[in-house]
Amino acid sequence: MGSRQTWPQIKQSDEYRGLLVALDECRYDARTAQPLEGSVVDADEDLVALCSRMQADDSRHCAILFCDGDEATTALPPRARLSSSPPSERGLAH
């Protein structure tokens with residue numbers, strides 16, 4: 001990983017489809033706030049695993065975007081979103 005690519009190229013790539021992608025040096029469209037390009041640092045389907053690796057590698061300034069192959073969507077998938085409730089109120093079940 002680490003190659004600079006446009007966001008449309010990344011979203012169309014089978015390698016990243018269905019994954020959360022960490023982009024470094026991400027450039028955004030000033031008008032739409034949509035990502036234009038960045039350097040792929042890492043990717044994973046598990047947000048916690050991805051963030052843990054990013055923290056361990058000291059890559060804390062990356063944008064994390066969901067790659068679903070749909071040009072219009074960049075939000076995190078529902079299962080990757082973090083709850084705003086404290087862990088004690090979420091009923092952490094494994």
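Out of S52, S39, report the one residue that is more than 23 Å from Q12 (Cβ to Cβ), polar (S, T, N, Q), modelled with pLDDT of 90 or more and not in a loop (DSSP other than H, G, I, E, B). Step through it out loud before you land on a result.
Details: S39 fails: more than 23 Å from Q12 (Cβ to Cβ).
Being more than 23 Å from Q12 (Cβ to Cβ), polar (S, T, N, Q), modelled with pLDDT of 90 or more and not in a loop (DSSP other than H, G, I, E, B) holds for just one of S52, S39, which is S52.
Determine the pairs where a residue that is on the phi < 0 side of the Ramachandran plot, located within region 1-24, has a partner that is open to solvent by less than 50 Å² (accessible area, probe 1.4 Å) and assigned to a helix (DSSP H, G or I) with Cβ atoms under 7 Å apart, the partner being 6 or more residues away or on another chain.
The qualifying pairs are Y16/I10; L20/L47; L20/L50; L20/A80; V21/I10; A22/L50; A22/M54.
The values are calculated or read from the model by the stated rules, or taken from the named source; none is laboratory data. From a predicted model like this one, the values you see are computed outputs, not experimental measurements. Positions of Cβ are generated from backbone atoms using ideal geometry, with glycine treated the same way; all protein chains shown enter the neighbour counts. Heads up: the accessible areas ignore ligands, DNA and RNA and are worked out on the full protein's heavy atoms, side chains in. Shrake-Rupley method; radii C 1.70, N 1.55, O 1.52, S 1.80 Å.
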